There are 2 protein chains.
Amino acid sequence: MEPPATRRRVTIVDVARHARVSVTSVSKVLRNAYGASPEMQTRVRRAIEELGYRPHAGARALRGQTYTIGVMLPDIRNPFFPEILDGITASLEETDYQVLLGPGCNGENEEARVTEAMIDRGMDGLVLVAPVSSRAHLEHVGTAIPTVVVGRHGSSPAYDTVTDDDFEGAALVVSHLAGLGHRRIAHIEHHETDPTRLAEMPNARRADGYRQAMRVHGLEEWIDVVSTSYTQQGGYQGVRELLSRPAAARPTAVFAGADIVAIGALQAASEAGLSVPGDMSVAGYDNTTFAAFDPISLTSVDQAGQEMGRNAVRLLLERISDHGRPSAKVTLSPSLVPRRSTARPAE
Amino acid sequence: MEPPATRRRVTIVDVARHARVSVTSVSKVLRNAYGASPEMQTRVRRAIEELGYRPHAGARALRGQTYTIGVMLPDIRNPFFPEILDGITASLEETDYQVLLGPGCNGENEEARVTEAMIDRGMDGLVLVAPVSSRAHLEHVGTAIPTVVVGRHGSSPAYDTVTDDDFEGAALVVSHLAGLGHRRIAHIEHHETDPTRLAEMPNARRADGYRQAMRVHGLEEWIDVVSTSYTQQGGYQGVRELLSRPAAARPTAVFAGADIVAIGALQAASEAGLSVPGDMSVAGYDNTTFAAFDPISLTSVDQAGQEMGRNAVRLLLERISDHGRPSAKVTLSPSLVPRRSTARPAE
């Protein structure tokens with residue numbers, strides 16, 4: 001669709017004439033295709049700049065590409081997701097691909113709306129971050145369009161996956177807290193009942209990793225999981241629930257399943273007049289800029305979000321050039337970043 | 001563009017036949033147009049659901065609409081922008097419009113790339129949040145496509161604007177701090193040299209409002225502006241600079257131009273061993289969830305982000321149905337939210 005009343009659009013033919021190269025050469029440069037020499041690239045890019053040419057996505061769509069990557073983020077308030085996004089945009093910077101984000105999806109219906117909208121608009125590929133949709137829906141999407149799923153376990157021939165080893169990450173937190181002398185270590189998880197999601201979602205893996213690590217450390221009788229959500233509100237409710245118990249049953253340490261959950265947990269602790277870590281240790285997951293913020297100084301698990309984003313782009317570009325290739329799965333290793341929010345329990 | 005190997009697409013004709021209404025009626029319901037009765041809407045929506053029909057943006061583009069609104073956010077890490085976005089998505093929820101975000105724009109070139117990409121992809125309208133581009137570029141965009149500019153002053157026949165009264169907001173902060181007894185009140189601003197941006201950007205208005213309010217309160221000799229950026233790093237550098245001065249020249253209160261700046265300011269204060277507000281009061285601007293976070297409890301200015309988003313959508317939908325209508329400007333009034341990060345200065 002053309003906006004009304006624009007001048008005649010500069011075409012790829014004008015660019016080729018101006019640069020004194022063939023249209024195919026211009027096209028190669030536009031697509032970053034093999035076979036365009038650096039000298040050719042410079043000449044074409046200069047002509048593009050001088051003429052103010054911009055490739056027309058509609059026209060390119062007729063040739064089969066719109067040079068658009070859709071990224072679905074579940075929650076733009078969660079400070080972990082900008083890390084993944086940074087990795088994605090940095091990897092695409094030198095290409096002609098434009099990233100567009102689908103916001104505000106916190107449920108299956110919203111995700112269906114966003115993914116259908118992205119397919120409908122002819123995007124070349126999708127990166128779905130921590131989607132909650134059914135496996136069937138993800139496979140439907142992955143069959144229609146090259147897709148990489150980030151932050152969800154399980155694998156499928158229909159799409160590639162990039163995840164952190166969430167089971168191991170949870171074990172790192174429990175080890176750290178147990179090593180400090182804590183026994184009553186509670187965990188705030190994101191509530192999950194769907195069997196596929198229980199097997200595939202990072203939150204479910206973290207809860208499993210917590211339980212398993214508690215057993216490994218001989219703390220089975222202290223296993224204590226509060227089930228809310230991976231939001232600030234979820235962390236707040238979780239700690240309120242833990243603090244409503246008789247004093248002897250309260251945990252000395254809380255492992256929040258995400259930094260955003262830890263934010264809410266710290267809020268509730270602060271309102272209850274508890275000092276962290278004096279009265280209660282708190283650990284998060286994601287190692288966001290918030291965790292590194294000195295007045296908070298939150299012990300957290302680094303899952304290398306930018307690295308996840310870069311891997312997602314690499315797999316997606318491969319899949320765009322060969323949609324039918326066998327699916328790939330990349331699993332990254334987390335590491336613990338201890339800070340001041342965790343310490344030895346009070347005697 | 002069709003993905004390879006999909007089944008025959010359900011068309012609007014199938015929906016009309018199934019619902020036993022005319023194609024025009026289906027079209028009206030899809031476009032939320034005047035003249036579709038509630039009963040008709042229900043019947044058509046049921047048919048759409050039963051057949052799994054999804055309107056094809058490409059096909060709609062041929063009729064002149066893609067039902068896509070592009071929203072350009074300068075920085076997805078700034079916790080104020082999700083507020084605006086919430087207002088936008090809530091207002092569009094009951095329509096067929098899909099919001100797509102352009103991320104990571106922190107400069108004129110990046111903004112040009114994102115806005116061109118959005119125009120190029122046939123979006124129906126744009127919401128540009130706090131753009132830094134030249135007035136000429138904004139007018140070029142606004143002429144090509146219905147556009148609302150949020151969080152930037154000045155007005156143009158080519159686009160609508162929604163802003164907060166930033167001058168007044170800054171005055172509220174200075175009044176509050178002066179009322180507590182502070183005289184050495186410093187301000188951390190976002191560095192700006194371009195004359196248009198000095199006249200139009202909210203950061204420049206806040207700095208002007210600060211200076212003017214200091215004069216009004218008889219504190220002219222204490223005017224002290226540190227020029228960094230509206231980022232966490234900018235706030236950090238700003239306070240480091242203020243603390244590098246001789247003790248007698250250090251401020252007792254810091255007005256950070258945005259909450260994200262206050263986060264960095266608090267980080268630097270904490271690292272320097274200063275307590276807030278004991279050794280230094282800190283105020284922000286935006287009243288984000290971060291400011292309300294109890295362990296921080298940051299005094300801040302509420303500029304009603306959701307209300308800004310709702311107004312932007314209202315103006316944009318009007319402009320989409322009449323691109324040539326006279327431009328409109330909405331200015332909202334800010335209010336101060338005092339919290340624990342500001343108090344009387346030490347004797």
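The values are calculated or read from the model by the stated rules, or taken from the named source; none is laboratory data. As the structure is a computational prediction, the values presented were derived from the model and not from experiment. FYI the Cβ positions are ideal-geometry reconstructions off the backbone, even for glycines, and counts take in every protein chain you see. Note: accessible area is taken over every heavy atom of the protein model, side chains too, but ligands, DNA and RNA are not part of it. Shrake-Rupley method; radii C 1.70, N 1.55, O 1.52, S 1.80 Å.
One table, with the values for the structure above:
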{"quantity": "Anisotropy class of the stretch B:167-302 from Cα gyration tensor, a/c 1.5 cut", "calculated": "rounded"}
{"quantity": "For A:SER333, inter-copy label distances in nm, listed shortest first [label point 7 Å out on the Cα-Cβ vector]", "calculated": "6.1"}
{"quantity": "Chain A: angle of helix A:108-120 to the longest principal axis, Cα-based, in degrees nearest 10", "calculated": "10"}
{"quantity": "Inter-part distance where the stretch A:269-347 and the stretch B:248-309 are each reduced to a Cα centre, Å", "calculated": "25"}
{"quantity": "Within the protein assembly as shown: Cβ-based charge dipole about Cα centre, in debye rounded to nearest 20 (Lys, Arg +1; Asp, Glu -1)", "calculated": "1660"}
{"quantity": "Among B:ASN78, A:ALA136, A:GLY181 - extreme Cα towards positive end, dipole of the protein assembly as shown, charges at beta-carbon", "calculated": "A:ALA136"}
{"quantity": "For B:THR42, inter-copy label distances in nm, listed shortest first [label point 7 Å out on the Cα-Cβ vector]", "calculated": "7.0"}
{"quantity": "Degrees, to the nearest 10: A:38-51 long Cα axis against longest axis of chain A", "calculated": "80"}
{"quantity": "Sites B:ARG344 and A:GLU39, calculated FRET efficiency, Cβ-Cβ separation with R0 45 Å, nearest 0.05", "calculated": "0.10"}
{"quantity": "Global form of the protein assembly as shown, assessed from the alpha-carbon gyration tensor, a/c cut-off 1.5", "calculated": "oblate"}
{"quantity": "For chain A, built as a Gaussian network whose Cα springs stay under 10 Å, the top-fluctuating residue of A:HIS190, A:HIS217, A:HIS153", "calculated": "A:HIS217"}
{"quantity": "Test item: Cα-centred dipole of the stretch A:69-135, Lys/Arg +1 and Asp/Glu -1 on Cβ, debye", "calculated": "220"}
{"quantity": "Estimated dipole of chain B in Debye, rounded to 20 [Cβ of Lys and Arg +1, of Asp and Glu -1, Cα centre]", "calculated": "1100"}
{"quantity": "Area buried, chain B against chain A - accessible surface, total, 1.4 angstrom probe, square angstrom", "calculated": "4500"}
{"quantity": "GNM flexibility winner over chain A from A:SER327, A:SER155, A:SER244 (Cα, springs under 10 Å)", "calculated": "A:SER244"}
{"quantity": "Global geometry of chain A, whether rounded, prolate or oblate, following the gyration tensor of its Cα atoms and the 1.5 cut on a/c", "calculated": "prolate"}
{"quantity": "Exam field: B:ALA248 pseudo-label spacings to other copies (7 Å along Cα-Cβ), nanometres", "calculated": "6.3"}
{"quantity": "Accessible area per residue, Å², the stretch A:167-302 with all protein chains present, probe 1.4 Å", "calculated": "36"}
{"quantity": "Helix B:232-243 axis, angle to chain B major axis (alpha carbon atoms, nearest 10°)", "calculated": "10"}
{"quantity": "Among B:ALA265, B:VAL254, B:LEU219 - extreme Cα towards positive end, dipole of the stretch B:167-302, charges at beta-carbon", "calculated": "B:LEU219"}
{"quantity": "Fluctuation leader among B:VAL301, B:VAL114, B:VAL13 - chain B, Gaussian network, Cα springs under 10 angstrom", "calculated": "B:VAL13"}
{"quantity": "Chain A: calculated mean residue ellipticity at 222 nm from DSSP helix runs of at least 4, using -39500 (n - 2.57)", "calculated": "-13500 deg cm²/dmol"}
{"quantity": "Rounded Å value of the spacing that divides the Cα centres of the stretch B:178-236 and the stretch A:123-195", "calculated": "44"}
{"quantity": "Apportionment of accessible area to carbon and sulfur, the stretch A:209-347, percent (1.4 Å)", "calculated": "49"}
